[in-house]
Amino acid sequence: MSLLPVFDLDGTLIDSDAALVAPFVAAGVPRTSITFGHVLSEECERLGISLDDYLDAYDEDAAQPFAGVDDLVAAISQSGRWAVCSNKHPRSGRAELARLGWEPQVALFSDAFGGAKHLGPVLDALGVTPAEIVFVGDTAHDRECARALAVPFGLAGWNPRAVSADGDSVLDQPLDVLALMARSGNRR
C-alpha cells in the first residue's frame with residue numbers, strides 16, 4: 001500500500017524564500033530579523049508590518065518549484081490523491097497553486113487552522129486517518145506536525161535550509177517522495 005502524500009508548500013514544493021522575504025525588506029525590516037515557518041499574520045505582527053501591506057507587496061509570480069518538483073507533482077497527480085498543508089496565507093497560496101497548474105485534492109492554508117498549521121483539518125478534508133498519509137516538509141514545525149499524529153515524515157532535503165533531526169527520512173530529491181510513500185505504506 002502506498003500512502004497519500006501531504007506537503008508543506010513554502011520551502012518544500014516551491015523555492016519561496018526570496019519571495020517571502022522581499023515584502024518585509026521593502027518595508028524596512030532587516031533581513032536578519034526574518035525567519036521561516038510561521039503563520040504570516042504572527043510574523044507580520046512580530047516584525048511590525050500590516051498583513052495587508054505584506055500581501056499587497058508579495059509577488060505571487062516570484063516563487064518557483066524546486067528542481068524536480070514538477071515531475072513529482074505530475075507523478076502523484078496521475079497515480080492518486082495528494083494535499084497541501086501550509087501556514088501560507090490563502091490568497092497567495094491559492095494563487096501560486098493556480099499559476100503552477102497544481103491541483104491537490106485538498107489545499108489548506110493559515111485560515112483553516114486557527115493558529116499554526118496541523119494535520120487534523122487536512123485528514124478530515126481528505127477523509128483519511130494518520131495511518132494513511134506521509135507528510136513532507138522542510139522545518140521543525142513540519143516535523144512536529146507529523147510526530148504529533150505518528151505520521152511518517154520526509155524532510156525536503158533538496159532545500160538547503162532544511163535541517164534534519166533523528167527519525168527523519170531525508171529526501172535528497174523530490175521523486176524520493178514516491179519511495180517514502182511506498183516504504184512507509186509497507187510498514188503499516
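Since every read-out is calculated from the coordinates, none of them should be taken as a lab result. The shown structure was predicted, so the numbers you read here are calculated from the model rather than taken from an experiment. As a convention, Cβ positions derive from the backbone with ideal geometry for all residues, glycine included, and neighbour counts pool all protein chains shown.
Please find, in a Gaussian network model of the chain (springs between Cα atoms separated by less than 10 Å), the residue of I133, I14, I34 whose mean-square fluctuation is greatest.
Looking only at I133, I14, I34, the largest GNM fluctuation is found for I34.
Post the alpha-carbon centroid distance, segment 89-162 to segment 1-35, in whole angstrom.
So the separation of the two Cα centres works out to 13 Å.
Using only the Cα atoms of segment 47-95, what do you get for the radius of gyration and for Dmax, in Å?
For segment 47-95, the Cα-based Rg and Dmax read 14.3, 44 Å.
So for S92, S33, S169, fewest C-beta neighbours within 10 Å to most, what's the order? It would help to have the intermediate numbers written out before the result.
On the way: S92 23, S33 11, S169 18.
Sorted ascending by nearby Cβ count, the order is S33, S169, S92.
Work from the charge dipole of segment 52-185 (Cβ charges, +1 for Lys and Arg, -1 for Asp and Glu, about the Cα centre) and give the residue of L55, V73, S184 farthest towards its positive end.
Of the candidates, S184 comes out farthest on the positive side.
List, in order, the whole-Hz ³J(HN,Hα) value for each residue of segment 83-96 obtained from phi through the Karplus relation with A = 6.51, B = -1.76, C = 1.60 and θ = phi - 60°; use x for Gly and Pro.
Working through the residues one at a time gives 8, 10, 10, 9, 6, 4, 5, x, 4, 7, x, 5, 5, 5 Hz.
So for the chain: antiparallel DSSP bridges make up what percent, rounded to the nearest 5? Please report the intermediate quantities before stating the final value.
Values: 2 of 18 bridges.
Counting DSSP beta bridges with both partners in the chain, the antiparallel share is about 10 percent.
Using each residue's phi in segment 112-120, evaluate 6.51 cos²θ - 1.76 cosθ + 1.60 at θ = phi - 60° and report the 3J(HN,Hα) Karplus result to the nearest Hz, with x for Gly and Pro.
Listing the rounded values in order: 8, 10, x, x, 5, 4, 8, 7, x Hz.
So how do T129, T139 line up by other beta-carbon neighbours within 10 Å, fewest first?
So the residues, fewest neighbours to most, are T129, T139.
Which listed residue (H89, L149, N159) has the Cα farthest towards the positive end of the charge dipole for the chain, taking +1 on Lys and Arg C-beta and -1 on Asp and Glu C-beta about the Cα centre?
L149
Relative to the compact globular guide of 2.2 N^0.38 Å, what is the alpha carbon radius of gyration of segment 17-57, as a ratio?
Normalised by 2.2 N^0.38 Å, the Cα Rg of segment 17-57 equals 0.98.
What Kirkwood radius, in Å to one decimal, follows from the Cα pairs of segment 1-130? Please report the intermediate quantities before stating the final value.
Values: mean 1/r = 0.0649 Å⁻¹.
Its Kirkwood hydrodynamic radius stands at 15.4 Å.
Per residue of segment 157-169, what does 6.51 cos²θ - 1.76 cosθ + 1.60 with θ = phi - 60° give for ³J(HN,Hα)? Whole Hz please, x for Gly and Pro, Karplus curve as stated.
Working through the residues one at a time gives x, 6, 8, x, 7, 5, 10, 7, 9, 3, x, 6, 9 Hz.
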